[in-house]
Amino acid sequence: MWLRFKRDRTGVVCAWIVICYFVISALAPVIAKLYGKDPYTLYGQDPEYALDTPVLDEFGLPLGYFGGVSGDHWFGVEPQFGRDVFTMLLYGMRTSLYMALGVTTLLMLTGVLIGLVGGYFGGRTDYFLGRFTDFFLSFPQQLFFIAFMPVVTSFFVDPRDETPTYFRALAILIVLWLLGWMGMARLVRSTVLSLREREFVEAARVAGASPWRIIRKEILPNVISPILIQFTYLLPSTILGIAFLSFAGVGFVEPTPDWGRMFATGAKVAEQDPAFMFFPGVALVVFVLCFNLLGDSVRDALDPKSGR
């Protein structure tokens, strides 16, 4: 598989780009310190900065070319507040990527476990797990995201108090996890149904191996390929889901940097400052495109019969 993947230049380039995204996100505090700016300071309103080097005009719009791009602010500044867009993007990438990684890992573990158990044991076990999956599939995801997020937070936080950022992150993780594992469970179940009657599984069963040993030693290694491929498609969609929650106003809120919140701000000022949306938009499109192309390359590498 590795030899086939290395011959795919598109896959290798996309893999390096994806790795760079994660490394840059992890080093966001270091980069921001070397850069000399942070995503929280209001450079357009703080007297310490606004009087020396003003970045906003009297209407709250960035001074200068293309949203205030300059040697001090490489990607410009945010309208109204004057926060630095470059550091906002760095920290926003960090929030979205690592939240999505955690959510996707939970989705994979839950879907794989339910799919393995239902597909191998069959009968009533498969029936009840199938109906359980169908129940969660019946929810309209986008509408449920918007409606359920305030409910989750209101159970634990007084509506008059500000919801802590860590609790918002936990609520987002729970909501996306509850409504996202079903596709993986169905994929694994269908694969296991075709594997459990194969000769090597029958041989292990005749040899006296326990069901859990057969699942762990015989079946699970043979479903790694579809799981890995599905992971490469699921993570970008999870990032878009997290961004959607913030864009809709039920995810992360100020001053937490986030891709979705940047898009929400950009939508409000699109007519006055269209440049604000440019850098976050390009960064998100490049990441999602590269991860999807990487998924295609991994699929082709894992399947020797696939052709280009």
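When Ile214 is tested against the conditions (1) open to solvent by 10 Å² or more (accessible area, probe 1.4 Å); (2) in contact (Cβ under 8 Å) with a residue 60 or more places away in the chain, the lone failure is (1).
Scanning region 170-186 for residues that are out of contact with any helix residue (DSSP H, G or I) (no Cβ under 6 Å at 6 or more places or on another chain) and not β-branched (Val, Ile, Thr), which turns out surrounded by the most Cβ atoms within 10 Å (Cβ to Cβ)? Filtering first and then ranking leaves Arg186. Which one of these is among the small types (Gly, Ala, Ser), buried (at least 18 other Cβ atoms within 10 Å of the Cβ), in contact with a helix residue (DSSP H, G or I) (Cβ under 9 Å, 6 or more places away or on another chain) and assigned to a loop (DSSP other than H, G, I, E, B): Gly68, Gly115, Gly119? Step by step, each of Gly68, Gly115, Gly119 is checked, and only Gly68 is among the small types (Gly, Ala, Ser), buried (at least 18 other Cβ atoms within 10 Å of the Cβ), in contact with a helix residue (DSSP H, G or I) (Cβ under 9 Å, 6 or more places away or on another chain) and assigned to a loop (DSSP other than H, G, I, E, B). Does at least one position in region 23-38 carry a residue that is at pLDDT 90 or above and part of a loop (DSSP other than H, G, I, E, B)? Yes: region 23-38 contains one or more residues that are at pLDDT 90 or above and part of a loop (DSSP other than H, G, I, E, B).
So that you can scan it fast, the table gives a plain yes or no per residue for (1) within 23 Å of Asp38 (Cα to Cα); (2) part of a helix (DSSP H, G or I):
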| residue | (1), (2) |
| --- | --- |
| Leu187 | no, yes |
| Glu197 | no, no |
| Val201 | no, yes |
| Pro226 | no, yes |
| Pro236 | no, yes |
| Gly241 | no, yes |
| Ser246 | yes, yes |
| Ala264 | yes, yes |
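Considering only residues in region 91-112 that are of a type in the set (Ser, Thr, Tyr) and in contact (Cβ under 8 Å) with a residue 12 or more places away in the chain, the one that is surrounded by the fewest Cβ atoms within 10 Å (Cβ to Cβ) turns out to be Tyr98. Each residue in region 146-169 was checked for being modelled with pLDDT of 75 or more, under 14 Å from Val253 (Cα atoms) and not β-branched (Val, Ile, Thr), and 5 of them qualify. Evaluated against (1) surrounded by fewer than 21 Cβ atoms within 10 Å (Cβ to Cβ); (2) modelled with pLDDT of 85 or more, Thr256 falls short on exactly one condition, (2). Scanning region 188-210 for residues that are surrounded by fewer than 19 Cβ atoms within 10 Å (Cβ to Cβ) and either within 25 Å of Gln142 (Cα to Cα) or of a type in the set (Asp, Glu) (or both) yields Glu197, Glu199, Glu202. Gly44 falls short of the stated requirement of being part of a loop (DSSP other than H, G, I, E, B), at positive phi and either at pLDDT 90 or above or more than 26 Å from the chain's Cα centre (by Cα) (or both).
For region 235-247, the candidate set comprises residues that are hydrophobic (A, V, I, L, M, F, W, C), buried (at least 21 other Cβ atoms within 10 Å of the Cβ) and more than 8 Å from the chain's Cα centre (by Cα); within that set, the residue that is farthest from Met1 (Cα to Cα) is Leu245. Among residues of region 5-33 that are open to solvent by 70 Å² or more (accessible area, probe 1.4 Å), those with a Cβ under 9 angstrom from a residue that is among the β-branched types (Val, Ile, Thr) and part of a helix (DSSP H, G or I), sequence gap 6+ or separate chain, pair up as Lys6/Val12.
The values are calculated or read from the model by the stated rules, or taken from the named source; none is laboratory data. All values derive from a computational prediction rather than experimental measurement. Note that we place each Cβ from the backbone using ideal geometry, even for glycine, and neighbour counts take in every protein chain shown. Areas reflect the complete protein model, heavy atoms only, side chains present, ligands, DNA and RNA absent. Shrake-Rupley method; radii C 1.70, N 1.55, O 1.52, S 1.80 Å.
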